[in-house]
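Written below as structure tokens is the structure these notes are about.
The values are calculated or read from the model by the stated rules, or taken from the named source; none is laboratory data. All values reported here derive from a predicted model rather than from experimental measurement. A quick note on method: Cβ atoms are made from the backbone with ideal geometry, for glycine too, and the neighbour counts reach across all protein chains shown. Surface accessibility is based on the protein's heavy atoms, side chains included, excluding ligands, DNA and RNA. Shrake-Rupley method; radii C 1.70, N 1.55, O 1.52, S 1.80 Å.
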Amino acid sequence: MSRPQSICVFCGSRRGTDPALAHAAAELGRTLAENGITLVYGAGGIGLMDVLAQAALDAGGKVTGVMPRHLAREELLKDGLTDLHIVETMHDRKRVMFELSGAFVALPGGIGTLEETVEILSWRQLGIHDKPIVLLNAGGAWDHFEALMRGRVAAGFCAPSDLELYEIVDRVDQLLPALDMARPPRIPSFTDWT
Ligand code: AMP
């Protein structure tokens, strides 16, 4: 798969307790900038979102933010972004981030990050898009999600091929090679496995 020119990153509006996660966010921002890849994210100036965007800007990268009007104060709209889209709703935010991005990376986060990640996975499962999705498993932060997914497969609610909807990498330096190798998942029809 050709390398995307822009990548959407979902991540926490908090930093979390493990300092390794802020390091990973900063390394990811720098890596995107150094490879000429535009960062698309939620435009927040707090938590891992802030660390990620600032690192990309500091490294001379392009950063596009997408923020719903009603959150612009609460999430402290980040200054100095290359490009900013103010939208009306959370759904608009995800749609615009989706349209602007050729791939998705999920760093650790809270409910918002989980929701955005699961939605983009579900759209891929439904064949709405075929953009790669990578879970950046810094500090093992996505291990519980992987266990949840394997449990869904074991319980017969997910197809084994649903595990191909995403890649998991442990380190930032594995991200771009994983994207280069990414292949479309085999999406079964419901009758293939029910
Ligand atoms: P969190 O992981 O909860 O810290 O949230 C990370 C980001 O996800 C924040 O920018 C939230 O505003 C955003 N977010 C939370 N829920 C949604 C949603 N339903 N649609 C779009 N963005 C969301």
Among residues of the stretch 103-130, those that are over 14 Å from residue 145 (Cα atoms), under 11 Å from the mean Cα position of the chain (by Cα) and not in a helix (DSSP H, G or I), counted: 3
Residue in the stretch 70-91 that is modelled with the lowest pLDDT, counting only those that are surrounded by 13 or more Cβ atoms within 10 Å (Cβ to Cβ) and within 9 Å of the ligand (Cβ to nearest atom): 75
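Is it true that residue 140 is within 13 Å of the ligand (Cβ to nearest atom) and closer than 26 Å to residue 24 by Cα?
no
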Members of the stretch 104-141 that are of a type in the set (Phe, Trp, Tyr) and more than 12 Å from residue 11 (Cα to Cα): 123
Failed condition for residue 134, given (1) more than 14 Å from the ligand (Cβ to nearest atom); (2) outside any strand (DSSP E or B): (2)
Matching residues in the stretch 144-170 - criterion: being closer than 24 Å to residue 183 by Cβ, open to solvent by 90 Å² or more (accessible area, probe 1.4 Å) and under 18 Å from the mean Cα position of the chain (by Cα): 170
Qualifying positions in the stretch 49-64 - touching a Lys or Arg at 6+ places or on another chain (Cβ under 6 Å) and within 16 Å of the ligand (Cβ to nearest atom): 53
Tally of residues being more than 17 Å from residue 80 (Cα to Cα), within 16 Å of the ligand (Cβ to nearest atom) and outside any helix (DSSP H, G or I) across the stretch 8-48: 11
Residue satisfying all of: in the stretch 102-125; in contact (Cβ under 8 Å) with a residue 60 or more places away in the chain and surrounded by fewer than 21 Cβ atoms within 10 Å (Cβ to Cβ); nearest to residue 16 (Cα to Cα) among these: 110
